[in-house]
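The values are calculated or read from the model by the stated rules, or taken from the named source; none is laboratory data. This structure is a prediction, so every number in the text was calculated from the model and none was measured. Quick reminder, even Gly has a Cβ in these numbers, built from the backbone with ideal geometry, and neighbours come from all protein chains shown. For the accessible areas, the whole protein counts, side chains as well, though only heavy atoms, and no ligand, DNA or RNA atoms are used. Shrake-Rupley method; radii C 1.70, N 1.55, O 1.52, S 1.80 Å.
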Amino acid sequence: MDYNAQLDSAIAKLHEEGRYRTFIDIERQKGQYPHATWRKTDGTEKPITVWCGNDYLGMGQHPVVLAAMHDALEATGAGSGGTRNISGTTVYHKRLEAELADLHQKEAALLFTSAYVANDATLSTLPKLFPGLITYSDELNHASMIEGIRRNGGAKRVFKHNDLADLRAKLMADDPAAPKLIAFESVYSMDGDFGPIRELCDLAEEFGALTYLDEVHAVGMYGPRGGGVAERDGLLHRIDIVNGTLGKAFGVHGGYIAASARMCDAIRSYAPGFIFTTSLPPVVAAGAAASVAHLKTDTALRELHQERAAVLKMRLKAAGLPIIDHGSHIVPVIVGDPVHTKKLSDMLLEHFGIYVQPINFPTVPRGTERLRFTPSPVHGPREMDHLVGAMDQLWSHCALNRAEIAC
């Protein structure tokens, strides 16, 4: 085989379909988020506003977080020095796990290097702990959940998105005595819709299944203390395993699960994705713990976040743009074509200094390509005016029904 030719062919296919992804070189400015600097390939620089970041609350630049990280850096240095089992467990890791267990009203929490790894490692390990486990997975679950379930070697059933009748039928068709797990999300990040957590818990209780809830796009932002949608709806006690991230609303890095002490101990002891991975640097754990602790009391920041998202959706709707609105903080504008979506993204960046990445297949189904905006409390009226004006201008003057966008 000509390996280089094969690689060229694979990349060329993405270019032909308009799905080739490019990295934009961005330098965030301390204390100025969402403002940043775009370093172009020709060496020039341009000020931009980031509208697609997952630092949903701006905590990545919050003084409380930065102070905690500075203190930990001075106290411990850069890295952790090893896996949790060897030399990578510190007071900072234990403090963060205690904060997370408290946040989700669980006995324990377990840190991973990312929420992707937390999902993959946990879901792929559970059949080792429960032989014969059948996993029921929402069809729109995140890729990390899909991968973990695929790799676990156990039986799986994929039910239609948020379709309780379809899930019930699949549960009824299986052996009542078999161990079962229902895996789902609270906020689905591409459309911004919510999972029917209460009803899913009802089915789990009826059929004797464990519940696995991914709260990645909800932790910090929903609930009285930022414990997610399950906390907001008073359902935390009905969730067996919660997955969350420290890299979105908490503004730092890493992932975790929160569950019973027995469950966390078993995952800690059996999951290769935990056992053989160097732990988070203490400085990162310190910043994350400070962020989690702060957001347990900063309800005003959560309220402002929801207000900004509601205002942006209202204004984009008023401008006649085809947005999806399920009541969450995520604002998708459907374009429906990968080439057009990339062109709009490029024009927003080049002509307006607005950075929003195109979302294409396989992240979303073909024909639903979109721009996905994530307003935050630090996107003020000036930034919002500029964004809405730019989108209105481009949408009004660009021929989106043609093979090429012509302005």
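Quick notes
- As a ratio to 2.2 N^0.38 Å, the alpha-carbon radius of gyration computed for the stretch 1-122 takes the value 1.51.
- DSSP bridge pairs, the chain: antiparallel proportion in percent, nearest 5: 55 percent
- Seen against the Cα atoms of the chain and their longest principal axis, helix 338-352 is set at about 70 degrees.
- Seen from all directions on average, the stretch 179-330 presents a Cα convex hull projection of 10.6 nm².
- Under the criterion of Cα pairs below 8 Å and six or more residues apart, the relative contact order for the chain equals 21 percent.
- Residue among THR89, LEU349, LEU316 farthest towards the positive dipole end of the chain, charges placed on Cβ: THR89
- Separation of the stretch 295-342 and the stretch 108-129, taken as the distance between their Cα centroids, equals 30 angstrom.
- Cα-Cα pairs of the stretch 96-209 separated by more than 26 Å (percent): 18 percent
- The largest accessible area among HIS70, HIS142, HIS35, HIS340 belongs to the first residue in HIS70, HIS142, HIS35, HIS340, and the rest follow in falling order (1.4 Å probe, all chains).
- Rg and Dmax of the stretch 139-259, based on Cα coordinates, read 14.1, 43 Å.
- One chain, two ends: ILE275 and THR22. Fully extended at 0.36 nm per residue, the span grows by 87.7 nm beyond their Cα-Cα distance.
- The Rg/Rh ratio of the stretch 276-404, with Rg taken over Cα atoms and Rh as the Kirkwood radius over Cα pairs, comes to 1.06.
- Pairwise label distance in nanometres, VAL311 with GLU45, each label 7 Å out on the Cα-Cβ vector: 2.9 nm
- At R0 = 25 Å, FRET efficiency that the Cβ-Cβ distance of ASP265 and ASP202 yields, to 0.05: 0.30
- Alpha carbon Rg of the stretch 1-58, scaled by the compact-globule rule 2.2 N^0.38 Å: 1.63
- Residue-level accessible surface for MET69, protein heavy atoms, 1.4 Å, Å²: 50 Å²
- Angle in degrees between helix 282-295 and the longest Cα principal axis of the chain, rounded to the nearest 10: 80 degrees
- FRET efficiency estimate (nearest 0.05) - Cβ-Cβ, HIS70 to ALA318, R0 51 angstrom: 0.70
- Using the alpha-carbon positions of the stretch 95-134, Rg (one decimal) and Dmax (whole number) come out as 12.2, 35 Å.
- Gyration tensor (Cα) of the stretch 76-116, equivalent ellipsoid semi-axes in angstrom: 20, 11, 9
- Whole-number D in µm²/s for the stretch 233-288 (Stokes-Einstein; Kirkwood sum over Cα pairs; 37 °C, 0.692 mPa s): 256 µm²/s
- Applying 0.36 nm per residue to the separation of THR299 and VAL91 and subtracting their alpha-carbon distance, the gain on full extension is 72.1 nm.
- Multiplying the residue separation of ASP2 and CYS52 by 0.36 nm and removing their Cα-Cα distance gives an extension gain of 14.2 nm.
- Helix-derived mean residue ellipticity, 222 nm - over the chain, DSSP H n ≥ 4, -39500 (n - 2.57), to 500: -13000 deg cm²/dmol
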